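Here is the structure we will look at, set down as structure tokens.
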Amino acid sequence: MEAWITDIMDKFGYAGVFILIALENLFPPIPSEVILTFGGFMTINTGMTIVGVIIAATLGSVLGAVVLYGIGAWLHADRLERIVERWGHILRLKPEDVRKADTWFDRYGPWAVLLCRLVPLVRSLISIPAGISGMNFPLFLLLTTIGSLVWNTVLVYVGATVGASWETIVGYMDVYSNVVYVLLAVGVLGGVFWFYRSRLKAKRK
């Protein structure tokens, strides 16, 4: 995949960065670490600039996030409740569980959108619950832009700094991503355990 990504960026420059980052937001398995660090490296031996790569990447990030937000807005909490009401028994979910999650996001959503833009995988997916909860769209755009700008700036500057050694940085980022994935898996399993344990305790009362 790395060869495919770098080939597109070699051919299309800023447009390639924009398209790849937008796709990365829609399909998280595409590694933004490769796109951004290689984009930084390209500023050394091409006419591309660090600022230009950062702008192209941030615009791509925002576009991908808006698409996922739109999917979440289409799904919406009310529609999700109806889906859970019909099929939730398979996972032992109830409509009120959706309402609780929606209430949580109303309270902590802005922080979640901002901080999760710095976390692999979650940085893309966080846009969906933002849309489901009906988070204020201008606020969503602002926080997504800020979080994406920070992530993109760091990696592009790192790529420009290390130059031809950008692949080494990608290796370190892979380790970071894998650690995050493990922590996310543990967190999800812990959340599921806590959820069902609470449900069992409620039934016993």
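Report yes if some residue within the range 63-74 is under 15 Å from G159 (Cβ atoms), modelled with pLDDT of 90 or more and surrounded by 23 or more Cβ atoms within 10 Å (Cβ to Cβ); otherwise report no. Looking through the range 63-74, none of the residues is under 15 Å from G159 (Cβ atoms), modelled with pLDDT of 90 or more and surrounded by 23 or more Cβ atoms within 10 Å (Cβ to Cβ). You will find that of V186, V180, V170, V119, the residue that is modelled with pLDDT under 80, farther than 30 Å from N45 by Cβ and surrounded by 17 or more Cβ atoms within 10 Å (Cβ to Cβ) is V119 and no other. Considered as a group, the residues in the range 2-23 that are in contact (Cβ under 8 Å) with a residue 12 or more places away in the chain and aromatic (F, W, Y) include one that is least open to solvent (accessible area, probe 1.4 Å), and that residue is F18. Among residues of the range 61-73 that are closer than 11 Å to R117 by Cβ, those with a beta-carbon under 6 Å from a residue that is open to solvent by 40 Å² or more (accessible area, probe 1.4 Å) and of a type in the set (S, T, N, Q) at least six positions away or on a different chain give the pairs V62/T145. I'd like to check something: does the range 102-115 contain any residue that is modelled with pLDDT of 85 or more, open to solvent by less than 20 Å² (accessible area, probe 1.4 Å) and more than 23 Å from M135 (Cβ to Cβ)? Within the range 102-115, not a single residue is modelled with pLDDT of 85 or more, open to solvent by less than 20 Å² (accessible area, probe 1.4 Å) and more than 23 Å from M135 (Cβ to Cβ). For L139, the conditions (1) closer than 19 Å to I55 by Cα; (2) open to solvent by 60 Å² or more (accessible area, probe 1.4 Å) all hold with the exception of (1).
The values are calculated or read from the model by the stated rules, or taken from the named source; none is laboratory data. Please read all numbers here as calculations on a predicted model, not as lab measurements. All Cβ positions, glycine included, derive from the backbone under ideal geometry; neighbour counts span all protein chains shown. Just the protein is used for accessible areas: all its heavy atoms, side chains included, with ligands, DNA and RNA removed. Shrake-Rupley method; radii C 1.70, N 1.55, O 1.52, S 1.80 Å.
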